[in-house]
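The values are calculated or read from the model by the stated rules, or taken from the named source; none is laboratory data. Nothing here was measured: the structure is a model prediction, and the numbers come from that model. When we count neighbours, we look across all protein chains shown, and the Cβ atoms used for this are built from the backbone with ideal geometry, even at glycine. Ligands, DNA and RNA are stripped out before the accessible areas are found, and what is left, the full protein with its side chains, is counted by its heavy atoms. Shrake-Rupley method; radii C 1.70, N 1.55, O 1.52, S 1.80 Å.
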Amino acid sequence: MEELFLKLLNMSISAGWMVLAIIFIRAIGKKLPKAIRVVLWALVAIRLVIPVTWESIFSLIPSAETIPQDILYATEPTIHSGISFVNSYVNPVISESFAPNVGDSVNPLQVIIFVALGLWVTGVIAMSLYALYSYLRIHKRVSASIPVGENIYICDDIETSFILGIGKPRIYLPSDLKQDMTSYVIAHEKAHIRRHDHWWKPLGFLLLTLYWFQPLLWVAYILFSRDIELACDERVIRELGEPEKKPYSEALLQCSISRKMITACPLAFGEVGVKERVHNILYYKKPTFWVLLAAVFLCLAVGICFLSNPREVLLHAPEPFCHSYYVEEIIYNAPQYDFSYTEETAPQYCFTADYVMQVMGDKFIQSVHFETLGGMKEIHLTKKNFDVYFKDIDGISGWKDSYSASKIRRDNENAWELIRKNDSSAMSYYLLKQKNGEVYLACWYPYEDDVSKNHVRWLFRLKNIVERQEVEQGTYIIKSCIYMNPLSSYMPIGDMQETFEVGDGSFTIINKATNHSSYIEARLEWQEFPYTDEEWHSLYYFGLEESAIKEISKLCDDIGYIPLAEGCCLLRLNEALWLVKINHDGVAGIDYIWSIYRIERVNATNEKEIPYIK
């Protein structure tokens, strides 16, 4: 049920973009035939009903799946809105607030989704009961009606005319309806029947019942109800002719009633947007051929742009993200400190497609694989938030050669910040992309109690990691699951399985269930295995699982090791290639293995091969 709810939630978000587009079209396209509006609302219904759609380069939907299906089981839950600044602001909050802690019996997001699922079911039941009550109530009121023609009835207990019924619709007229208005009312209601509006309005309410949590769909239903009345009015005027505009409008005014509740049925003659309808009737002109042609092309364009999903494999943030870097040069080194990195001992950094910063080899973190520091958000550099952070001590400057803070700031094109407020001793960072393409990283200390103490520790010029690759490029699949953390409810089987793309200096993890990809740029060069048997065994959270490997050194004399971002690493054991996912528990301050897969390459003919390891 959780998967169904998440699917409906994503479909409602996608449909919401189409609703906004149609509202905009309604505002600027007042001369378009009103029947075209109804067709546009039908496209929204198609978007809400059909769970699978095609991909197109013309799609204007930012993301086909804003909330990933695997978010309930992710160690660092994120959304993929398709809008970069939304991801950069929202994802750090979600990851920090809802990431599961080691030892917790349940994922926080699982609790939230379970509660939301209960509310959704309650809302669906309430809406269904309301529709049933409305139908039974009106059906009881017309039970004593008298037939006066084919499917036409007169009733004393109703205020306005309407259609009731889906399979065999009947027209009900109030008994006090003036004789000179009857023909116009009947013409209107018969036009509804010929247009099958007695089908479409209940269908619209049914979709609203399923998606009641999406406020834009409430707006859509209200506007749809108005548009089917406007389209019906235009059809009646076309059939009756221009001279009947005024008496038809007078009949509409006489039969108008005020209705404050949204209903699925019936279709009443004068209950919706009477003022707008009268204005539209009096100023209605039969559309020309070119207007009709433009309306058809408009419907086709909306269908192509909003019924399709974006053709997107990787969710890439702009440069300089999606790359790993080493320190090419230390541009600034704060003079008040004794310790300093050199270019050889400085950490490596990775900035992912989700605006997340990771570091490996930091002296203060002491980790042998990439550690996630947090999400970055875009900022604008000023003298107050940049220049003054570079401080001279007793006339001694930490700058190298002719560099200066003002020059770096003036040459800056884009900047992002990561401020770590959970630890007063933790460093914060500015990532800078310069106009000449160079990338800088400023490491600085923030002081919330006294911003005048804020100061930069280092300013590095970064260089993209481009090294000799020692893993053959191609597509890899999971051969077997060697180990899975007992706390995990995920198993890589069937459609849940992941695939992996090894490129030129890159490693991409593709989730087949959600079609979400994580792009990692890395130095695919084998290194010495950094763990002893005791250290490796300590990475198993419980350590007592039967699948835990106590003495990994006995499996292979020369274990190869490649650290990746996203908490992953590759291991080479003889002819086998392992992908290891290692999580970090910030509360307990420990690393632990989440999963180990044996992966193997698939060749172009789709035949499995043992991966070629140099």
| query | Per residue, how much accessible area does the chain show when a 1.4 Å probe rolls over the protein heavy atoms, in square angstrom? | reply | 49
| field | Size of charge dipole - the chain - debye, nearest 20, with Cβ of Lys, Arg +1 and Asp, Glu -1, no other charges | value | 3920
| Potential extension, L4-S452 segment - 0.36 nm per residue separation minus Cα distance | 156.1 nm
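Determine the dipole magnitude for region 29-180: charges of +1 sit on the beta-carbon of Lys and Arg, -1 on that of Asp and Glu, nothing else is charged, the reference point is the Cα centre, and the result goes in debye to the nearest 20. If you can, show how the numbers build up before the last one.
Numbers: 11 positive and 12 negative charges, 160 e Å.
That gives a dipole near 760 debye.
Roughly how many debye, to the nearest 20, is the charge dipole of region 425-484 about its Cα centre, given +1 on each Lys and Arg Cβ, -1 on each Asp and Glu Cβ, and no other charges?
Working: 8 positive and 7 negative charges, 46 e Å.
Once rounded to the nearest 20, the dipole reads 220 debye.
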| said: Can you give me the % of accessible surface on region 183-229 that is carbon or sulfur? Probe 1.4 Å, all protein chains present, nothing else counted. | reply: 76
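Using the Cα gyration tensor of region 150-248, with a ≥ b ≥ c the square roots of its eigenvalues, what is the shape: rounded (a/c below 1.5), prolate (a/b larger than b/c) or oblate (neither)? Could the numbers behind the result be given before it?
Details: a/c = 2.20, a/b = 1.54, b/c = 1.43.
Prolate, since a/c reaches 1.5 and a/b exceeds b/c.
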| field | Given charges at Cβ of Lys, Arg, Asp, Glu: the chain dipole, positive-most of G505, T352, F114 | value | F114
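Stick to the Cα atoms of the chain, pair each with every other, and give me the Kirkwood hydrodynamic radius in Å at one decimal. List each step's numbers first, then the result.
Numbers: mean 1/r = 0.0343 Å⁻¹.
Kirkwood hydrodynamic radius for the chain: 29.1 Å.
Of the peptides 185-193, 285-293, how do they stack up when ordered by the mean number of other Cβ atoms within 10 Å, highest first? List each step's numbers first, then the result.
Working: 185-193: 21.6, 285-293: 11.8.
Descending packing order for the listed peptides: 185-193, 285-293.
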| task | Of the options N464, Y133, Y531, report the single residue whose Cα projects farthest towards the positive end of the charge dipole of the chain (beta-carbon charges: Lys, Arg +1; Asp, Glu -1). | result | Y133
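Please list the helices of the chain that count as membrane-span-like by this rule: a mean Kyte-Doolittle hydropathy of at least 0.5 together with Cα atoms stretching 24 Å or more along the helix axis, each helix being a complete DSSP H run.
Values: long enough: 2-28 (40 Å, 1.43); 108-141 (50 Å, 1.14); 215-240 (38 Å, 0.55); 289-307 (26 Å, 2.82).
The answer, listed by residue number, is 2-28, 108-141, 215-240, 289-307.
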| request: Using the Karplus curve 6.51 cos²θ - 1.76 cosθ + 1.60 with θ = phi - 60°, work out ³J(HN,Hα) for each residue of region 166-176 in order, rounded to whole Hz, and write x for Gly and Pro. | output: 10, x, 10, x, 10, 9, 10, 10, x, 5, 8
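Let me know the shape class of region 336-418, please: from the alpha-carbon gyration tensor, a ≥ b ≥ c as square roots of the eigenvalues, rounded when a/c is under 1.5, otherwise prolate if a/b is greater than b/c, or oblate. Walk me through the numbers before you get to the answer.
On the way: a/c = 2.31, a/b = 1.22, b/c = 1.89.
Judged from the Cα gyration tensor, region 336-418 comes out oblate (a/c at least 1.5, b/c at or above a/b).
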| query | Can you list residues whose amide H is under 5 Å from I331's amide H, if they're 5+ apart or on another chain and H is modeled 1.01 Å from N? | reply | L459, F460, R461
| field | Positive-end residue, the chain charge dipole about Cα centroid, Cβ charges, pick of L432, Q179, I419 | value | Q179
